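Just so you know, all these numbers are worked out from the coordinates, no wet-lab data involved. All values derive from a computational prediction rather than experimental measurement. Positions of Cβ are generated from backbone atoms using ideal geometry, with glycine treated the same way; all protein chains shown enter the neighbour counts.
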Amino acid sequence: MASSHSFSISDREGFERRLNLSGSVNSNSKVFVSACELGVFGGQVKPFQGAASIEVHNVVPHDDGIVIVRGYIGWETDINVRLSVFVA
C-alpha cells in the first residue's frame, strides 16, 4: 500500500539522514524522495524555490523501516528543507 511522509531538516552542503518509516518500509520497498526549501510566508511554513540548489543522491530502504537519504544542499549556511517521501 502506498504512503507518503514529510520530514523537515535544517542543514547545508552534504547531508545524510536516517528516516524512521517502520511499518511502511522494508528493503524491497520502492522509496522516492524529493526535496525543497522551506520558508515562512504569512505566518505559515511553505515550500519555495530559493537560490540554493538541493539534490537527493541516494535513498536506501532497510528491513527495520529505516530509510537513509543522502544529498547535497548548495548553500554555505544551514537552511530549512522538506524531504517528501513516497513509498510504493
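Here are some notes:
- The residues on offer are 45, 25, and the sole one that is closer than 21 Å to residue 3 by Cβ and β-branched (Val, Ile, Thr) is 25.
- Residue 41 vs. criteria without any contact (Cβ under 8 Å) to a residue 60 or more places away in the chain, aromatic (Phe, Trp, Tyr) and more than 19 Å from residue 74 (Cα to Cα): yes
- When 58, 28 are checked against the criterion of being in a loop (DSSP other than H, G, I, E, B), at negative phi and loosely packed, with under 15 Cβ neighbours inside 10 Å, a single residue qualifies: 28.
- Qualifying residue in the range 72-83 (condition: part of a strand (DSSP E or B), among the hydroxyl-bearing types (Ser, Thr, Tyr) and either over 17 Å from residue 20 (Cα atoms) or more than 15 Å from the chain's Cα centre (by Cα) (or both)): yes
- Selection of the range 1-44 for residues being of a type in the set (Val, Ile, Thr) and within 13 Å of residue 68 (Cα to Cα) yields 25, 31, 33.
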